[in-house]
Amino acid sequence: MKKKILAVILSGFIVLASGITIGVFYLSSTRYKYVHSINWSFPRNCTFHSDYITIPYLVSMRDTIQLATDVHIPRDINNSLPIVLIRTPYNKNNIGSFIQTYTQRGYIVVIQDTRGFHGSEGEKGFPFSFAQVDGHDTLSWLEKQPWSNKKVGTWGGSALGITQYLMAPNAPESLKCQLPIVGSPDLYNVIFKGGQLRRELIIPWMEGNGYSEEAIMHVILNEKLSEIWDPMRIQENYEQVNTASMHFGGWYDIFSQGTIDAFLGYQYKGGDLAQGNAKLVMGPWLHGNFYGGPTGEMEFPNQDAAIVTNIADAVFDKWLRGDSTLWDHYPTILFYLMSSVEYNPSNVANRWYRAEGWPISVNTTDLYLSLDEGSEPYGLLGTPNDPVYNSVEWEWNPENPIVTIGGNNLVIAAGIYDQAAIENRSDIIIFETPELSEALTVVGQINITLYVSSNCTDTDITVKLTDVYPDGRSMLVTDTILRVRNRNTLSDWEFMEPDTIYGITIPLESTAYLFNVEHQIRLIISSSNYPRFETNPNTGDPLWQNNTYFVAKNKVYCNTTHPSLISLPTVDYGSLQQFVF
């Protein structure tokens, strides 16, 4: 019996010893293995996964602040590899499946917490104010690593897209390509649209990401465009961008116009590698529903998920690996043309279309605001006229703002919604066309020219464009705002003289929309859209610093002397080229 027990114990020791030997061999051959071709060994603080190994670093920036940076390297690395870089304020540990997918494909994936967030040192400061210098310093660090082949592509959406745009000018040569998904190259215009605060966007975002009240007030106190915003916008620096790019956005995304503006800057104003090597994809999406689903009260058909799932491979395979198969399959411009799903007898639009440049070739269709007697809602006509009424007035009371219903929002309901619930208010003025006898296709940025006056020194003008269905629904297509003191410049204020007429131009967000037969085009004019935008107290005071408010009596003028109009970029629907992935 004792011999059997001794044999069992001895066998156990042999198994344990064998396990230790195998473990030591495994660790020495993988965990701490020496990669001869790049003269480098895996360090001891790495973490193992099925297909890759994670190495944590603290990377020093030029001011000695250290940023937490995880490097995910394929386990079978035997040579230096291209890198996909992601810089995020949302915690580098929250990006999982992307790592496995791209390490399996032979890329090194590097994810970094941006300054002041999660594992990184430093203060948050003004939002994204260090994105450019920290991005450059990170790229310079990556260039020096033995596992880097000095080819870097960047990836990510929303804030991760903003960090990509801001690092692009004068970046180290290793930056070969970028895939900004729903981002913006101009943070000022993200926060202050038409000079007015996009309240529902920036305030919840800063509060939700741990910014102090003092930091929020610092943004508010810099409502004028000044040099403090220079690190957070690259509008004047596109010639210093020298990287290929794919720009990915949605018509109802919070950064829709910014995505288009960035493409235009890279493609037509960028450096040698940037010019001619940019592509644009614009789908019928909100801020995040790229794989389909409702866009507000509508769900668009023919949303090809392959367009989304293949986009990163298209960019990285082309510019980091030299394989252009997928890249070449995407046209320069790929856009989804929206329309009604119901009341669409010919089943037109609601598909993908391609173009080789942006803006596409269009005609300008001008519709003049008409105030003919007895025509309320007032008319949108093809030519200016001399109506009985010279102007129409509305009273805007800041204590009774018009509630936001849909649009390009972040934390409140976004997308296409019926505006009928607010259109009977006395502080809303409506102009509309007769029922269309032919479909009208609008692709591009719409401009509105209005002649306005007020009894106040400052007020807001809000505009919405809607598609009026035969059943009476008024479905939002696009909208915007202008704080009238910013009518000529965002860097200073020009107050109004009471009851003096001013001509103002208001660019709407770009769109691609077909208004169908028997539908009407409606223009809604007022002075608030809250909480999408902050309310204007009509006093001329800086934001959040008024002690009182005024009720504004605002007017819009519509005659041959003051021809208020909306200019639509229209195109023959039959000339558009459909695209199937």
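For this structure, a couple of remarks:
- Along the axis of the charge dipole computed for the chain (Cβ charges of +1 for Lys and Arg, -1 for Asp and Glu, origin at the Cα centre), the listed residues ILE360, THR535, PRO146 are led at the positive end by PRO146.
- Looking at the chain, the DSSP beta bridges with both ends there are about 70 percent antiparallel.
- For region 102-194, radius of gyration divided by Kirkwood radius, i.e. Rg to Rh on alpha-carbons: 0.98
- MRE, 222 nm, helices only [DSSP H, n ≥ 4, -39500 (n - 2.57), over the chain, to nearest 500]: -6000 deg cm²/dmol
- Table column - 3J(HN,Hα) (Hz), region 504-514, Karplus curve with 6.51, -1.76, 1.60, x for Gly and Pro: 10, 10, 10, x, 7, 4, 5, 8, 9, 8, 9
- Rotationally averaged projected area of region 229-304 (alpha carbon convex hull; nm²): 5.8
- Distance histogram in 20 Å bins (all Cα pairs of the chain, percent per bin): 19, 47, 24, 7, 2, 0
- Among 161-174, 59-72, the order from most to least packed when residues are scored by Cβ within 10 Å on average: 161-174, 59-72
- Using equal-weight Cα scatterers in the Debye expression, the normalised intensity of region 363-573 in log10 at q = 0.10, 0.12, 0.14, 0.15 Å⁻¹ is -0.41, -0.60, -0.83, -0.96.
- Distance violations [Cα-Cα > 19 Å] among LYS151/LYS269; LYS92/LYS144; LYS92/LYS124: LYS151/LYS269; LYS92/LYS144
- Amide proton proximity set for GLY156, modelled H, under 5 Å, gap of 5+: LEU179, ILE181
- Equivalent ellipsoid of region 283-438: semi-axes from √(5λ) of the C-alpha gyration tensor, largest first, are 40, 21, 15 Å.
- Remark: region 421-479 is approximated by an ellipsoid whose semi-axes, taken from the C-alpha gyration tensor as √(5λ), come to 25, 16, 10 Å, largest first.
- Shown in residue order for region 396-406 are the 3J(HN,Hα) couplings computed by the Karplus curve 6.51 cos²θ - 1.76 cosθ + 1.60 at θ = phi - 60°: 10, 9, x, 7, 9, x, 7, 6, 5, 10, x Hz (x for Gly and Pro).
- Inter-part distance where region 512-551 and region 271-342 are each reduced to a Cα centre, Å: 31
- Fraction of beta bridges assigned by DSSP in region 363-573 that are antiparallel (%, nearest 5): 95
- Couplings 3J(HN,Hα) for region 357-368, derived from phi with the Karplus relation 6.51 cos²θ - 1.76 cosθ + 1.60 (θ = phi - 60°), are x, 9, x, 6, 5, 9, 9, 9, 9, 8, 10, 8 Hz, where x marks Gly and Pro.
- Taking 18 Å as the straight-line reach from the Cα of LYS464, the lysines in range (excluding those fewer than 8 positions away in the same chain) are LYS193, LYS555.
- Fewest-first ordering of GLU509, GLU297 by other beta carbons within 10 Å of each residue's beta carbon gives GLU297, GLU509.
Every number in this text was worked out from the coordinates using simple rules, so none of it is lab data. Keep in mind the model is a prediction, meaning the values are calculated, not measured. Note: ideal-geometry Cβ built from the backbone for every residue, glycine included; neighbour counts use all protein chains shown.
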